[in-house]
Ligand SMILES: [Fe+2]
Ligand SMILES: [Fe+2]
């Protein structure tokens, strides 16, 4: 039985990986949308959705609005919330009637919530496991279809992959087949041999939705696919707007992956691909003002915040005549990872421990904020493929020139110039993110920064910053 799943997440790469993994593992069809309004539109025209997986923060609403809608209009749909902090979940009225079921026997399967409290759990794999459990449950309730599937012995050794995944590459790590009839597969792509997108497009035009690969190769295929996403960042034919959109998605994907799986070799590979792409755009486009405008989309706070920091650091470094690619790359890596353990935007937004936002926090959250530079720097330090200095930039990203920063309260002479660039860039991003971005705002910030950063190792980075916006 082909179970229909609707996945709502604003990050396209996360949607693609989810879809790939679920469709390869089970007999299901996954549709991805990025917002609540798109989800409701989709549900209005498709009555056969059995499961919804939704992020909590969507560009146009939070998931409780969707949950209320489902309970009223589509109560038969199983809802999986990925993910939310425990406190937020408890506080939201709409979730007070959440349909939990400890026995696991309810029909339709119960709703599920994934909490993001620890930051160390393998969230991505966990969600996939939960969805697989729900789909199996739905399929077991349909014995007729199960029996029918068992007869297809040949097909059982293969899994289906959405055909559009083959447009992302021109070589595949395994043989690829097309299905003709119930029990017949014909090979159309040879393992590791070049194929062209035109052939794939022709199949798409004929309404072929899936191709098949051997189950034994499925895991390698999924891994390869994730790697391939990084190659798009190197695509020189994309215009700046598209490239920045792709970078924002890739930044978010790397952060989500680092959060759910930890900072391993693969994450390092991904963040390196992201930052190389940033280095390329920064070096070719000196007009920082228009680059920033393209990035201020008010989508995901953490990925946009990181992307903006990476761009501003890169531009400041070039204006200080620090033209080495690895310098810009180091700051880009730090930009992606510096707040990666902070799963709540509210905590990531705190830049000063004397602010009211910090003072309002309970003990546990204050500790999370105070400890995050140490913790992330330590994790990054363990990773052998990481460039040097990245851990130091992360460790000092909340220090301030007057010594009032945290975690170490360093003076302006104890902070390296590389870290000073990062601190100024992050301060600037915090100033522009919640205000209307225009030249007046830049002038106002420049006056404040001249006062604040004209000391110690901050002096030269401050000059770089002023030059970036042609301010004398
Ligand atoms: Fe931070
Ligand atoms: Fe930050």
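The values are calculated or read from the model by the stated rules, or taken from the named source; none is laboratory data. In this text the structure is predicted, and so the values were computed from the model without any measurement. Note that each Cβ is placed from the backbone with ideal geometry, even for glycine, and that neighbours are counted across all protein chains shown.
Please verify whether residue 238 is in a loop (DSSP other than H, G, I, E, B), in the same structural domain as residue 277 (by TED's automatic domain parsing) and in contact with a helix residue (DSSP H, G or I) (Cβ under 9 Å, 6 or more places away or on another chain), treating the condition exactly as stated. Here the answer is yes, as residue 238 does meet what is asked. Restricting attention to region 197-222, the residues that are closer than 18 Å to residue 168 by Cβ, in contact (Cβ under 8 Å) with a residue 40 or more places away in the chain and in a helix (DSSP H, G or I) add up to 7. Answer with yes or no whether residue 267 is away from ligand 2 (no atom under 16 Å from the Cβ) and either closer than 24 Å to residue 462 by Cβ or touching a residue at least 12 places away in the same chain (Cβ under 8 Å) (or both). Considered against the rule, which asks whether it is away from ligand 2 (no atom under 16 Å from the Cβ) and either closer than 24 Å to residue 462 by Cβ or touching a residue at least 12 places away in the same chain (Cβ under 8 Å) (or both), residue 267 comes out as yes.
Go through region 319-347 and count every residue that is out of contact with any helix residue (DSSP H, G or I) (no Cβ under 7 Å at 6 or more places or on another chain) and on the phi < 0 side of the Ramachandran plot. Result for region 319-347: 6.
Residue-by-condition table, conditions (1) more than 20 Å from residue 288 (Cα to Cα); (2) more than 31 Å from the chain's Cα centre (by Cα); (3) crowded, with 17+ Cβ neighbours inside 10 Å; (4) touching a residue at least 12 places away in the same chain (Cβ under 8 Å):
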{"site": "372", "(1), (2), (3), (4)": "yes, no, yes, yes"}
{"site": "386", "(1), (2), (3), (4)": "yes, no, yes, yes"}
{"site": "395", "(1), (2), (3), (4)": "yes, no, yes, yes"}
{"site": "411", "(1), (2), (3), (4)": "yes, yes, no, yes"}
{"site": "415", "(1), (2), (3), (4)": "yes, no, yes, yes"}
{"site": "418", "(1), (2), (3), (4)": "no, no, yes, yes"}
{"site": "444", "(1), (2), (3), (4)": "no, yes, no, no"}
{"site": "458", "(1), (2), (3), (4)": "yes, yes, yes, yes"}
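Looking only at residues of region 463-472 that are at pLDDT 95 or above and either assigned to a loop (DSSP other than H, G, I, E, B) or buried (at least 22 other Cβ atoms within 10 Å of the Cβ) (or both), we find that the one that is nearest to ligand 2 (Cβ to nearest atom) is 465.
Is it fair to say residue 106 is modelled with pLDDT of 80 or more, assigned to a loop (DSSP other than H, G, I, E, B) and assigned by TED's automatic domain parsing to the domain that holds residue 86?
When the stated conditions are applied, residue 106 does not pass them.
Counting only strands (runs of 3 or more DSSP E) that fall entirely inside region 1-86 and contain at least 1 residues that are farther than 20 Å from residue 129 by Cα, the qualifying elements are 28-33. Which residue pairs have Cβ atoms under 6 Å apart, sit 6 or more places apart or on different chains, and have a first residue in region 347-361 that is under 12 Å from residue 406 (Cα atoms) and in contact (Cβ under 8 Å) with a residue 12 or more places away in the chain and a second that is within 11 Å of ligand 1 (Cβ to nearest atom) and not in a helix (DSSP H, G or I)? Final answer for the pair search is 353/406.
All conditions but one from (1) within 16 Å of ligand 2 (Cβ to nearest atom); (2) over 19 Å from residue 296 (Cα atoms); (3) loosely packed, with under 13 Cβ neighbours inside 10 Å apply to residue 434; the one that does not is (2). Taking the conditions (1) in contact with a helix residue (DSSP H, G or I) (Cβ under 6 Å, 6 or more places away or on another chain); (2) away from ligand 1 (no atom under 13 Å from the Cβ) in turn, residue 426 satisfies each one other than (2). Taking (1) more than 25 Å from residue 419 (Cα to Cα); (2) in contact (Cβ under 8 Å) with a residue 60 or more places away in the chain in turn, residue 254 satisfies each apart from (1). Selection of region 304-343 for residues being at pLDDT 90 or above, assigned to a loop (DSSP other than H, G, I, E, B) and within 16 Å of ligand 1 (Cβ to nearest atom) yields 338, 339.
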